[in-house]
Structure formats: C-alpha cells, structure tokens
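Colleague: Next up is a structure, given as structure tokens.
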Amino acid sequence: MKHLESQISEMTAKMDQSYRETQELHTAKSRAQAETADLSQKLEEAESQLSQLNKAKLTLSRSLEEVKSSLEDESRVRTKLHAENKNLQAELEQLREQVRSFSISSSFLKVKDHLMY
C-alpha cells in the first residue's frame, strides 16, 4: 500500500509539474502571439510609410525633371538673347560709326560750302 501511495504521490507531482509546464507554455505562446501581432502591425505601418515615401520620391523626381527641363529651356533662351544682344551691340556700334562718319562728312561739306561762298 505504501508503495502504491508513493506511486500516486509521484504521479500527482508529475501531473502538477506537467500542468505548470503546460501553463508556462500557454503563457509563452500567448506572449509570442501578442508579439507577432505587434510586429505584424509595425511591419504594415513600415510598409505603408515606405509606400508613401516611394510616392513622394516619384513626385519629387518628376518635379526635379520638370525643373531641369525648365532650366535647360531658360539656358537656351539666355544664350540666344546673349547672342542677339551681342549682334545688336555690334550693329549699334556700326550705326554710331556711320553717324560719326556722316557727321564728319557733313561738317566737312559745311566748311567747304562756307569757303566757297
């Protein structure tokens, strides 16, 4: 009988130990599930932020290309205007030379006319 009681006591202790281990495993499983849910939510948020950043990057890239194109157009216009300005200044200098030449000729003719009379 003592042997049977001893076996029952051992079995009860083993069952209690198994129950405690089972409870610990359930607790660990619950913590792991909660952590998995938390990490899944954080992953979804990170993916959403990444998507928004990619959209912003695309928008900024398009804006940058538009600005580059605009600057290239402005540079072409500026180069063209610079060349036109140079040509007009050369033409103005020629006209000034003509005016000076005409003025000298006109003065010379006036003096000549004055001397003739």
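The values are calculated or read from the model by the stated rules, or taken from the named source; none is laboratory data. These figures come from a predicted structure and were not determined experimentally.
Colleague: Take LYS110 and tell me if it is modelled with pLDDT under 95 and either of a type in the set (Phe, Trp, Tyr) or more than 32 Å from the chain's Cα centre (by Cα) (or both). Break it down into steps so the answer makes sense when it comes.
Modeller: Working: modelled with pLDDT under 95: yes; either of a type in the set (Phe, Trp, Tyr) or more than 32 Å from the chain's Cα centre (by Cα) (or both): yes.
The answer is yes for LYS110.
Residues are listed down the side, and each one gets a yes or a no for (1) modelled with pLDDT of 95 or more; (2) of a type outside the set (Ser, Thr, Tyr); (3) on the phi > 0 side of the Ramachandran plot; (4) not in a helix (DSSP H, G or I):
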residue	(1), (2), (3), (4)
GLU5	no, yes, no, no
LEU25	yes, yes, no, no
SER30	yes, no, no, no
GLN33	yes, yes, no, no
LYS42	yes, yes, no, no
LEU58	yes, yes, no, no
SER63	yes, no, no, no
SER75	yes, no, no, no
